[in-house]
1. Rounded to the nearest 10 Å², what accessible area does LYS106 show when all protein chains are kept and the probe is 1.4 Å?
2. What ranking of PHE57, PHE98 comes out by heavy-atom accessible area, probe 1.4 Å, highest first?
Amino acid sequence: GSEGLVHDPHDLSGSISSDVAQLVLLLHNVFKKISMGVCKTLLSVPPFSIYAEQVAFSVNGVLLLAVFWVLKAVLEVVCAVGIVVFASILLVHMIWIFVHMIWTVKSLQLDLSSPELGNVQKYQDTQE
């Protein structure tokens with residue numbers, strides 16, 4: 001009765017290796033069937049053909065895109081120059097207004113200190 005409990009280690013490793021071999025064979029067969037199905041599907045699809053009109057359309061599109069890209073760059077430069085010109089004109093205008101204001105204030109101060117203005121003040125005082 002004790003012979004049934006003791007196993008030979010070589011028999012155990014042989015059964016494991018045969019199970020692994022069967023698993024590998026099963027996976028190989030499944031992969032083979034799937035790949036054959038994919039190949040049949042790919043062969044049943046007609047090849048994609050590119051027409052000359054499609055190529056011409058795509059080339060024209062790329063050329064048009066390049067023209068717009070260059071035009072955009074030129075417009076960016078023109079706008080940047082325009083902004084600089086506008087800012088410089090605005091700065092010159094502000095400087096001119098500031099200088100004009102200073103001249104006006106100085107001329108008013110000179111007018112207030114002039115003797116003629118004093119005579120005008122005396123005349124206004126006599127009228128009241």
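The values are calculated or read from the model by the stated rules, or taken from the named source; none is laboratory data. As the structure is a prediction and not an experimental result, all values here were calculated from the model. These accessible areas exclude ligands, DNA and RNA; they are computed on the full protein's heavy atoms, side chains included. Shrake-Rupley method; radii C 1.70, N 1.55, O 1.52, S 1.80 Å.
1. 120
2. Values: PHE57 160, PHE98 115 Å².
Putting PHE57, PHE98 in descending order of accessible area: PHE57, PHE98.
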